1. Go through (1) surrounded by fewer than 18 Cβ atoms within 10 Å (Cβ to Cβ); (2) touching a residue at least 60 places away in the same chain (Cβ under 8 Å) and name the single condition M228 misses.
2. Taking the stated definitions as given, is G75 small (G, A, S), modelled with pLDDT under 95 and closer than 29 Å to K136 by Cβ?
3. Out of all the residues in the range 162-196, which are small (G, A, S) and under 20 Å from the mean Cα position of the chain (by Cα)?
4. Just for the range 102-126: of the residues that are in contact with a strand residue (DSSP E or B) (Cβ under 8 Å, 6 or more places away or on another chain) and buried (at least 23 other Cβ atoms within 10 Å of the Cβ), which one is farthest from T148 (Cα to Cα)?
Amino acid sequence: MENLEERGHLLTEQVNTNSHNLDQLTCLELVDLFNQEDTQTLKAIAQARLELAQAIEVTSQALSQGGRLFYVGAGTSGRLGVLDAAECPPTFCTHPDMVQGIIAGGAAALVRSSEDLEDRPEDGASAIAQRQITNKDVVVGISAGGTTPFVHGALEAAKQRGARTIAMSCVPAQQVPMIVDIDIRLLTGPEILAGSTRLKAGTVTKMALNILSTGVMVKLGKVYGNRMIDVSVTNRKLHDRALRILQELTDLNREGAGFLLERSGRRVKLALLMHWTALDVQDCQELLKTHQGNLRAALESHTQSSN
């Protein structure tokens, strides 16, 4: 890794010529400039499409075989990883251990700046050891500038343990090489506020994480069509969503959908299988288990066996 005292050449540290007069812009001009610059995030995602697809494939395979997904980062990058991990259980009813976020400085760093802690690669390695990461797991190192020692230490330790490694950064590979299995470069260019990577770099990172985690959950069978059939029914909003999913995918009215949802133990996927196959709860549970929780595969199997 490069000398951390010489970072001015990094794409994320360069000066944006479009915002040289930033402090002289009106409020509306500021908004328009942000809007203009944020179009770079879509281009960056498009340019990284092959690597993102590969990451989805590798990660879904690992998780289907009992592996786990870890995001590792510091500062904004770390917070984005923790956020994406935290959103998986309510959206896809995953166990909290399946997708985890690791941030330099721990939980306290989520609400209070602790950027000084990112300079310790040994802390990143220690975090990997503490979670007993193995060759079944996938570790995603997130670093906008690609130089964060905490992330590099974690990735190196993960590689030594046989885990699949993925890097997500916003600088070209020739500026900061990263030896990983999948190298995702999200090149959004210099920030409007020079070096402030919570802006375009943060936005494109959130977009990429959305694509990665949602894509993985689709491949794991936690989606039917475009419905989140593994939604965790833990509040009124999610209960309403569960009922609407059942109504939209069946011929049931709201009352019937509510009765079916309760019979299934508030599990939408199980409720749908019960409705479409007329099997009881236990038989549907076994059928889903046989097909690793994939509703479409379970339905097709039942249909074939019934013919």
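1. Just one mismatch for M228, condition (1).
2. Yes; evaluated as a whole, the condition is true for this residue.
3. Restricting attention to the range 162-196, the residues satisfying the condition of being small (G, A, S) are 162-163, 167, 169, 173, 189, 194-196.
Selection gives A163, A167, S169.
4. At the first step, the residues of the range 102-126 found to be in contact with a strand residue (DSSP E or B) (Cβ under 8 Å, 6 or more places away or on another chain) are 102-104, 109-110, 124.
Next cut, buried (at least 23 other Cβ atoms within 10 Å of the Cβ) only: 102-104, 124.
Working: I102: 14, I103: 12, A104: 10, G124: 10 Å.
Among them, the one singled out is I102.
The rows are residues; the columns are (1) of a type in the set (S, T, N, Q); (2) modelled with pLDDT under 95; (3) within 20 Å of R296 (Cβ to Cβ); (4) outside any loop (DSSP other than H, G, I, E, B).
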residue	(1), (2), (3), (4)
V233	no, yes, no, no
D240	no, no, no, yes
G256	no, no, no, yes
G265	no, no, no, no
L270	no, no, yes, yes
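Every residue, every condition in (1) touching a residue at least 24 places away in the same chain (Cβ under 8 Å); (2) within 19 Å of T205 (Cβ to Cβ); (3) of a type in the set (F, W, Y); (4) not assigned by TED's automatic domain parsing to the domain that holds L270, yes or no:
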{"residue": "C93", "(1), (2), (3), (4)": "yes, no, no, yes"}
{"residue": "D97", "(1), (2), (3), (4)": "yes, no, no, yes"}
{"residue": "I103", "(1), (2), (3), (4)": "yes, yes, no, yes"}
{"residue": "A108", "(1), (2), (3), (4)": "no, no, no, yes"}
{"residue": "D123", "(1), (2), (3), (4)": "yes, no, no, yes"}
{"residue": "G141", "(1), (2), (3), (4)": "yes, yes, no, yes"}
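Conditions (1) of a type in the set (F, W, Y); (2) surrounded by fewer than 20 Cβ atoms within 10 Å (Cβ to Cβ); (3) farther than 22 Å from A62 by Cα, marked per residue:
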position: I133; (1), (2), (3): no, no, no
position: T148; (1), (2), (3): no, no, yes
position: L155; (1), (2), (3): no, no, no
position: P172; (1), (2), (3): no, yes, yes
position: T188; (1), (2), (3): no, no, yes
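The values are calculated or read from the model by the stated rules, or taken from the named source; none is laboratory data. What you are looking at is a predicted structure, and each value in this text was computed from that prediction instead of being measured. Backbone-built Cβ (ideal geometry, glycine too); neighbour counts: all protein chains shown.
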